[in-house]
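Peer 1: For reference, the structure I am asking about is given below.
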Amino acid sequence: MYPNKTVALSGVSLHIAPKEFVTIVGSSGAGKSTLIRLLIKEELPTSGKIIVGSIDYDTIDKANIPHLRRRIGVVFQDFKLLPNLTVYENVAFALEVSGVKTSEIKRAVPKILQLVGLSEKGNVYPSEISGGEKQRVAIARALVRNPKILIADEPTGNLDPKNSWDIIELLLKINKFGTTVLLTTHNKEIVNALKKRVITINRGRVVKDEKVGRYVL
């Protein structure tokens, strides 16, 4: 609940299985972003319980919140890359702030850049690559810590149709390797083509949860 007493989410009860690919849809203001902030513990619920894996959000202490966030990778619509760092350095930075050894960083970053198709772009800066490539860097940065869950919040919102599908195919590939993927999107064509589980949120409530869903709002 926000200060003006608007309830962002109410009565939301969901179970997402390991290795699942789930799309969360709804109009602007429906509560999708609030759900994401709750999952990464940027906001606290006024009631209810959140459990990710074996971690109960009610009992986790502050010292363990960074560990929780390492288990959850997040990709945003606006990339959030550091413009003064190269592609390689942007991805490496996610490990550096976690205290990972330099030797491990040198091993992990090239592998993840290869996974997202950017092996040849490591030494260039964000301003020198396309929007689709920037989103791939953002995905690489989210994945380099080997999260169990990847949340992609409107990852195609700033991309043209071809780059949008390239990113969706990359998310499907990541999911196939065993990472749980939560995708939020307004793109009806993508949702309906995926033929995956679709959770529809409207005015803070789950109004549909379909194993093979369509976006009909």
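Here, each number is a calculation from the coordinates, and none is a lab measurement. These numbers come from a predicted model, not from an experiment. Backbone-built Cβ (ideal geometry, glycine too); neighbour counts: all protein chains shown.
Residue-by-condition table, conditions (1) within 25 Å of LEU194 (Cβ to Cβ); (2) in a loop (DSSP other than H, G, I, E, B):
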| position | (1), (2) |
| --- | --- |
| VAL91 | no, no |
| ILE112 | yes, no |
| VAL124 | no, yes |
| ARG136 | yes, no |
| ARG141 | yes, no |
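Peer 1: Separate question: Against the definition (out of contact with any Gly (no Cβ under 8 Å at 6 or more places or on another chain), surrounded by fewer than 17 Cβ atoms within 10 Å (Cβ to Cβ) and in contact (Cβ under 8 Å) with a residue 60 or more places away in the chain), how does GLU20 come out, yes or no? Reasoning before the result, please.
Peer 2: Working: out of contact with any Gly (no Cβ under 8 Å at 6 or more places or on another chain): yes; surrounded by fewer than 17 Cβ atoms within 10 Å (Cβ to Cβ): yes; in contact (Cβ under 8 Å) with a residue 60 or more places away in the chain: yes.
Spelling it out, GLU20 is indeed out of contact with any Gly (no Cβ under 8 Å at 6 or more places or on another chain), surrounded by fewer than 17 Cβ atoms within 10 Å (Cβ to Cβ) and in contact (Cβ under 8 Å) with a residue 60 or more places away in the chain.
A quick yes/no check of all residues on (1) among the basic types (Lys, Arg); (2) under 21 Å from LYS19 (Cα atoms); (3) crowded, with 20+ Cβ neighbours inside 10 Å:
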| residue | (1), (2), (3) |
| --- | --- |
| PRO110 | no, no, no |
| LEU113 | no, no, yes |
| LYS134 | yes, no, yes |
| ALA142 | no, yes, yes |
| ASP160 | no, no, no |
| LEU170 | no, yes, yes |
| PHE177 | no, yes, no |
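Peer 1: Based on what the data block shows, is THR46 polar (S, T, N, Q) and under 24 Å from LYS211 (Cα atoms)? Give the derivation first.
Peer 2: On the way: polar (S, T, N, Q): yes; under 24 Å from LYS211 (Cα atoms): no.
Here the answer is no, as THR46 does not meet what is asked.
Peer 1: Residues being out of contact with any strand residue (DSSP E or B) (no Cβ under 8 Å at 6 or more places or on another chain), among the β-branched types (Val, Ile, Thr) and touching a residue at least 24 places away in the same chain (Cβ under 8 Å): count how many of those fall in the stretch 65-98. Working first, answer last.
Peer 2: Restricting attention to the stretch 65-98, the residues satisfying the condition of being out of contact with any strand residue (DSSP E or B) (no Cβ under 8 Å at 6 or more places or on another chain) are 65-67, 69-70, 78-98.
This time we only want the ones that are among the β-branched types (Val, Ile, Thr), so: 65, 86-87, 91, 97.
Those left that are additionally touching a residue at least 24 places away in the same chain (Cβ under 8 Å): 65, 86-87, 91.
The number of residues fulfilling the criteria is 4.
Peer 1: Within the stretch 76-83, is even one residue more than 12 Å from the chain's Cα centre (by Cα) and farther than 27 Å from HIS186 by Cα?
Peer 2: There is at least one residue in the stretch 76-83 that is more than 12 Å from the chain's Cα centre (by Cα) and farther than 27 Å from HIS186 by Cα.
Peer 1: Here is a follow-up. Please verify whether THR46 is exposed (fewer than 12 other Cβ atoms within 10 Å of the Cβ) and closer than 27 Å to VAL100 by Cα, treating the condition exactly as stated.
Peer 2: Numbers: exposed (fewer than 12 other Cβ atoms within 10 Å of the Cβ): yes; closer than 27 Å to VAL100 by Cα: no.
No: the conditions fail for THR46.
Peer 1: I've got another one for you. Filter the stretch 137-161 down to residues that are hydrophobic (A, V, I, L, M, F, W, C) and touching a residue at least 60 places away in the same chain (Cβ under 8 Å) and give me whichever is nearest to ILE55 (Cα to Cα). It would help to see each step written out before you state the result.
Peer 2: Just the residues of the stretch 137-161 that are hydrophobic (A, V, I, L, M, F, W, C), to begin with: 137-140, 142-144, 149-152, 159.
Narrowing further to those that are touching a residue at least 60 places away in the same chain (Cβ under 8 Å): 138-139, 142-143, 149-152.
Numbers: ALA138: 26, ILE139: 24, ALA142: 20, LEU143: 20, ILE149: 13, LEU150: 16, ILE151: 17, ALA152: 21 Å.
Among residues in the stretch 137-161 that are hydrophobic (A, V, I, L, M, F, W, C) and touching a residue at least 60 places away in the same chain (Cβ under 8 Å), the one nearest to ILE55 (Cα to Cα) is ILE149.
Peer 1: To continue, here is another question. Out of LYS49, LYS106, which single residue is of a type in the set (D, E, K, R), farther than 27 Å from SER164 by Cα, free of Cβ contacts under 8 Å to residues at least 12 places away in the same chain and in a helix (DSSP H, G or I)? It would help to see each step written out before you state the result.
Peer 2: Values: LYS49 fails: in a helix (DSSP H, G or I).
So the residue among LYS49, LYS106 that is of a type in the set (D, E, K, R), farther than 27 Å from SER164 by Cα, free of Cβ contacts under 8 Å to residues at least 12 places away in the same chain and in a helix (DSSP H, G or I) is LYS106.
Peer 1: Let me ask something additional. Please state which one of LYS134, LYS62, LYS111, LYS101 is of a type outside the set (A, V, I, L, M, F, W, C) and either closer than 29 Å to ASN187 by Cα or in contact (Cβ under 8 Å) with a residue 12 or more places away in the chain (or both). Spell out the reasoning first.
Peer 2: Numbers: LYS62 fails: either closer than 29 Å to ASN187 by Cα or in contact (Cβ under 8 Å) with a residue 12 or more places away in the chain (or both); LYS111 fails: either closer than 29 Å to ASN187 by Cα or in contact (Cβ under 8 Å) with a residue 12 or more places away in the chain (or both); LYS101 fails: either closer than 29 Å to ASN187 by Cα or in contact (Cβ under 8 Å) with a residue 12 or more places away in the chain (or both).
Answer to the selection: LYS134.
Peer 1: Got a sec? Which of THR102, THR184 is of a type outside the set (A, V, I, L, M) and surrounded by 21 or more Cβ atoms within 10 Å (Cβ to Cβ)? Don't jump to the end; show me each part of the working.
Peer 2: Values: THR102 fails: surrounded by 21 or more Cβ atoms within 10 Å (Cβ to Cβ).
Answer to the check: THR184.
Peer 1: Could you say whether any residue in the stretch 15-23 is of a type in the set (Ser, Thr, Tyr), in contact with a helix residue (DSSP H, G or I) (Cβ under 9 Å, 6 or more places away or on another chain) and not in a loop (DSSP other than H, G, I, E, B)?
Peer 2: Of all residues in the stretch 15-23, those of a type in the set (Ser, Thr, Tyr) come to 23.
Now narrow it down to the ones that are in contact with a helix residue (DSSP H, G or I) (Cβ under 9 Å, 6 or more places away or on another chain): 23.
Next, only the ones that are not in a loop (DSSP other than H, G, I, E, B) stay: 23.
Yes - at least one qualifying residue is present in the stretch 15-23.
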